[in-house]
Amino acid sequence: MQNQDEIAFGDELFLDENKSKETPKNGAPQKIKNFKVNLEAKILSSKKVIIVPHLNADFDAIGSAIGLTFIVKKLKKVPTILIDDPYQTLDPGVQKIIGDVKQDISIVNCDSYLKNKDENDLFILTDVNKSNLIPLQQELLDKDRTIIIDHHGTNEKTIEATDTYISPTVSSASEIIAKLLLCLFKAKISSQMANYLLAGIYLDTNKLSKNVSSDTMAVASKLIKRGATIDYVTSLFSEDFASDRRVQNLVGKVQMFNYTIAITTGDEKEIYSSIELAKAADYLLKFGVAGAFAIGNIDENTISVSARSKAEIHVGEVMQQLEGGGNQFSGATKIVNSTPDEVSKKLMKILIPKYYVK
Ligand SMILES: [Mn+2]
C-alpha cells in the first residue's frame, strides 16, 4: 500500500527540482520536516554525536550512517560511527566503504567509545530500532538523547526515543537520509556519498526490483545527478571469489537427513565468516528442506551455527538449546572450546528425536 506521505514527498522533490518558490502543501511531507527540525536542534545541543548502525552493518546501515555524518558536520559537530563487529566479518563491500572513509570519519568500536563517553552524547540509531540489534547496552541510551531513523517495523524490543522517524513503507534508511540531505538540508554531497546512499537503497530494494516507490526512484535519480553511478554500486555488490568458494565448499559437504534437515559441517582448520555460514544455510534452504544448518569455526576458539528454516522447524528454539537464539526462520549460536564435528553431533541429537522419522 502506498503511503500518502511518500507520494507527496515525491511531488515536493519534483517541485524542488524546478526551484519553485511555492509554499509546499501542508500535511503530507510535514512529518519529515518536523523530524528535521527536532534532529537539528538535538544535534546542535549536543557535544558529540554517536551514529549507531545495526550489528553486522550492511550497505543500508553504513550508507545511511555516512550520510548522517554530513548533517552532523554541517551543524559543526563531531560525528562518530559506532561499529563493534570484527572488521573481517563484515561484507567485503562494507569493508571497502569503511576502508575508503576512515580517513575522514571516525569509526570506533564499543570499548574505545565507552572510554570517552559523555552523558551529553547524542545517539542516532540508523536502520535499526531494536535493543538486541545494536552493539550498545540499552541502559546507556537516555530517551531524550536518542534518535531513531529506520524503516523496520517496531516491537517490544524497540528502544524508547523521543524523536524518531520510523517508516516501514520507505525502502531503506538510506532513502530517508538522502531525502533529509538533498531536500531538507539542501546538502551538496560528494559523488562518493551519493554512491554509498544509492548502495543502501540498492541493497534493500534488491537492486530496485522490490519495495520501490516513486519516491525511491526520485531519490535514486537525484543521487545519480550528484554523481552516483550504478556501475560503482554494482561493483560493491560483486562477490569475493575466495569467499564464494568457501560457501560452495560448505554446500558441497552437506548431509541431508530424511530430505528434511540439511546440516553442513565445515573443515576444522578453515575459518569462515558468519556471513559465509549464513549464505551456505540460505543456499541449502533452496532444496526443499525444512531446515538448514551451517556449522564452522569463526575464529580459532569459536564455532558458530547459522540456522535457516522455511517455518516447519523453529530454528530459533533449536538454537536456544545450544545457548543461542533467533526466530522461526533464522537463528544462530556461538560455542567456544568445541569442534565443528562435536557441535554437529549435539545439533543432531536435538533435531533428530523431534524431526527425523525413520
Ligand atoms: Mn535497511
Semi-axis lengths (Å, descending) of the ellipsoid that matches the C-alpha gyration tensor of the chain: 39, 22, 19
DSSP-defined beta bridges in segment 4-237 - what % are antiparallel, rounded to 5: 5 percent
Under 17 Å from the ASN327 label point (7 Å along Cα→beta-carbon), backbone N, segment 42-86: 54-56
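Set the bar at 25 Å for Cα to Cα. Now go through LYS42/LYS96; LYS269/LYS346; LYS179/LYS279; LYS31/LYS222; LYS73/LYS225 and name every pair that lies beyond it.
Listed pairs above 25 Å: LYS42/LYS96; LYS179/LYS279.
Considering only segment 95-174, what is the antiparallel percent among its DSSP beta bridges, to the nearest 5?
10 percent
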Listed residue (GLN320, ASN301, SER191) projecting farthest to the positive dipole end of the chain, Cβ model: SER191
For segment 114-224, share of DSSP beta bridges that run antiparallel, in % to the nearest 5: 10 percent
Dipole magnitude of the chain about its Cα centre (Cβ charges: Lys, Arg +1; Asp, Glu -1), debye to nearest 20: 540 debye
Residue order, fewest to most beta carbons within 10 Å, for THR333, THR162: THR162, THR333
Two-site FRET efficiency, PHE257 against ASP111, from Cβ-Cβ distance with R₀ of 56 Å, rounded to 0.05: 0.85
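Taking 0.36 nm per intervening residue step and subtracting the Cα-Cα distance, what contour gain separates ASN120 from LEU55 on full extension?
21.1 nm
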Listed residues ILE159, ILE271, ILE176, most fluctuating in the chain (Gaussian network, C-alpha, under 10 Å): ILE271
Charge sum, other residues only, whose C-beta stays under 9 Å from VAL49's C-beta, Lys/Arg counted +1 and Asp/Glu -1: +3
Within segment 54-148: Cβ-based charge dipole about Cα centre, in debye rounded to nearest 20 (Lys, Arg +1; Asp, Glu -1): 380 debye
Solvent-free Debye scattering, log10 I(q)/I(0), computed from the Cα coordinates of segment 29-104 at q = 0.12, 0.22 Å⁻¹: -0.38, -1.00
Exposed-site-free run, longest, the chain (rule: chymotrypsin sites (Phe, Trp or Tyr not before Pro); DSSP loop; at most 15 other C-beta within 10 Å): 1-258
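Hey, got the dipole for segment 303-358? About the Cα centre, +1 on K and R Cβ, -1 on D and E Cβ, debye to the nearest 20?
That gives a dipole near 160 debye.
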Among HIS151, HIS314, HIS54, residue whose mean-square fluctuation peaks in a GNM of the chain (springs only between Cα atoms under 10 Å): HIS314
Degrees separating the helix 340-355 axis from the principal Cα axis of the chain, which is the longest one: 90 degrees
Nearest 10 degrees, 0 to 90: helix 191-204 Cα axis against the chain principal axis: 50 degrees
Crossing angle, helix 214-225 versus the chain [Cα axis fit, 0-90 degrees, rounded to tens]: 80 degrees
Counted charge near SER112, where neighbours are those whose Cβ lies closer than 15 Å (Asp, Glu -1; Lys, Arg +1): -1
Segment 213-358: proportion of alpha-carbon pairs further apart than 18 angstrom, %: 58 percent
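Can you give the FRET efficiency for ASP100 and LYS310, using 1/(1 + (r/R0)^6), R0 = 45 Å, r = Cβ-Cβ distance, to the nearest 0.05?
0.75
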Net length gained if the chain between ASN34 and TYR232 were fully extended (0.36 nm per residue, minus Cα distance): 67.9 nm
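FYI, it's all coordinate maths here, none of it is from the lab. Just so it is clear, the structure is predicted and the values come from calculations on it, not from any experiment. Here Cβ is always computed from backbone atoms with ideal geometry, including for glycine, and neighbour counts include all displayed protein chains.
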